[in-house]
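Inspection log for the structure reproduced underneath, given as structure tokens.
A short reminder: the numbers here are calculations on the coordinates, not readings from a lab. No experiment lies behind these values; they were computed from the predicted model shown. Because the Cβ atoms are built from the backbone with ideal geometry, glycine has one as well, and the counts that use them run over all protein chains shown.
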Amino acid sequence: MFQWTTFGKIKYNNVVYSCDIIVHTDGTAEKRDYSIPDSIYGTSHKIGPEELSRIIDDDTKIFILGTGQYGIAHLTDEGRKMLKEMKIKVEEIKTPDAIKRYNELMSKKRKPKVTALMHVTC
């Protein structure tokens, strides 16, 4: 579960990260690899199919994108289309609200299979 987020940081399962993180359907977290969006788009604010294909777990039913403290990060049209074709529900919301939504989903008796990418800056 997420404990908190502030500009440039996020706390998940009692570990503080100073970077974007990906949370997989099994609850494990990893630091986001910025090289993919940076090499394609020149920014980490765009999340496209190339990156999604590496982070979306096979059993994902919901993808939560924490768009940052101010909501700057976003899915590309191609990324959104890919997730729609995979029948994955997408929730793009500012990171402070995204962590609340993730925690809400994970507190359910029947936890849905959620993959989340939390952008921690803008």
Selection from 39, 74, 25, by position along the positive dipole direction of the stretch 1-80 (Cβ): 74
Long-range amide H partners of residue 92 with built H, under 5 Å: 65
Hits among aspartates and glutamates - C-alpha to C-alpha of residue 9 under 18 Å, sequence gap 8 or more where chains match: 20, 30, 33, 97
The stretch 2-118 - percent relative contact order, Cα under 8 Å, separation 6 or more: 30
Alpha-carbon centroid distance for the pair the stretch 63-122 / the stretch 27-60, whole angstrom: 12
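Counting trypsin sites (Lys or Arg not before Pro) as exposed when in a DSSP loop with at most 10 other beta carbons within 10 Å, what is the longest stretch of the chain free of them? Each step should come with its number before you reach the end.
On the way: sites that count: 87, 108, 109, 110.
Excluding the exposed sites themselves, the longest stretch runs over 1-86.
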Cut-off of 10 Å, at most 12 other beta carbons, DSSP loop: longest stretch of the chain lacking such chymotrypsin sites (Phe, Trp or Tyr not before Pro): 8-69
Label assignment, log10 I(q)/I(0) by the Debye sum over Cα atoms at q = 0.11, 0.16, 0.19, 0.22 Å⁻¹ derived from the structure, set (1) -0.35, -0.76, -1.11, -1.53; (2) -0.31, -0.68, -0.99, -1.36; (3) -0.59, -0.89, -1.06, -1.22: (2)
Global geometry of the stretch 59-108, whether rounded, prolate or oblate, following the gyration tensor of its Cα atoms and the 1.5 cut on a/c: oblate
